[in-house]
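Each remark here refers to the structure printed beneath this line.
The values are calculated or read from the model by the stated rules, or taken from the named source; none is laboratory data. Nothing here was measured: the structure is a model prediction, and the numbers come from that model. All Cβ positions, glycine included, derive from the backbone under ideal geometry; neighbour counts span all protein chains shown.
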Amino acid sequence: MAETYRLVPLDLNKLTPEQKTVADAIVSGPRGGLRGPFEPWLRSPTLADRAQKLGEYCRFGNVLPRDLSELAIILVGRHFRSQYEFYAHARLGREAGLSDAIIEAVRTRQSPPFTREVERVIYDFVEEYLARNRVSDANYKRAVDAFGERGVVDLVGVCGYYMLVSMTLNVFQMQLPAGEPDPLA
């Protein structure tokens with residue numbers, strides 16, 4: 001990425017009490033660190049607190065199987081060309097059992113070689129929404145049949161949260177770890 005980070009990194013020893021409370025909650029939670037959107041969000045501690053709680057649910061507590069949740073996340077990251085989000089969640093998707101072939105197809109905007117219908121349901125639902133800002137009755141019904149109403153609500157929540165993450169990462173030009181190439185063209 002030719003762009004540079006737009007925010008001077010926070011000095012973690014000079015956080016306000018409100019920032020420190022939120023930072024401590026993030027670090028002591030399941031993420032274990034302040035990567036990705038969290039440092040920018042700490043400039044608005046109330047937003048950071050609320051967003052990180054929503055994100056904790058979307059990433060660790062939603063009812064979708066982990067690999068399918070990660071599929072939705074990389075589709076959102078790819079759509080918004082969020083290099084950091086795609087980079088991070090491609091790895092997490094692999095760890096959750098998403099195949100390299102599916103991840104690569106998403107990365108290159110090819111038709112993924114799905115082996116399970118539930119993967120196709122997630123793909124069709126998310127891709128249709130990202131293309132049209134709507135989901136057809138047919139794709140909605142397929143999603144409800146596959147995941148129930150709660151699962152569809154959680155899918156919408158995961159996608160919406162990661163749209164916020166994508167925008168944060170892109171606007172503040174968050175860099176990949178040193179030496180990592182941009183995964184998305």
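Return yes or no: is R120 within 17 Å of N62 (Cα to Cα) and in a helix (DSSP H, G or I)?
Details: within 17 Å of N62 (Cα to Cα): no; in a helix (DSSP H, G or I): yes.
Judged against the criteria, R120 is not a match.
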Notebook entry, point to check: Could you count how many residues in segment 113-144 are without any contact (Cβ under 8 Å) to a residue 12 or more places away in the chain and either more than 19 Å from the chain's Cα centre (by Cα) or exposed (fewer than 11 other Cβ atoms within 10 Å of the Cβ) (or both)?
Noted result: 11
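Grab the helices (runs of 4 or more DSSP H) fully contained in segment 27-115, keeping just those with 1 or more residues being of a type outside the set (A, V, I, L, M, F, W, C) and farther than 30 Å from K14 by Cβ.
On the way: elements: 38-41, 45-56, 66-79, 83-95, 100-107.
Filter on segment 27-115 gives 66-79, 83-95, 100-107.
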Margin query: Can you tell me which residue is modelled with the lowest pLDDT among those in segment 37-57 that are closer than 23 Å to A72 by Cα and touching a Ser or Thr at 6+ places or on another chain (Cβ under 8 Å)?
Written below: P37
Checklist line | Any chance S136 is polar (S, T, N, Q) and more than 16 Å from V158 (Cα to Cα) | finding: yes
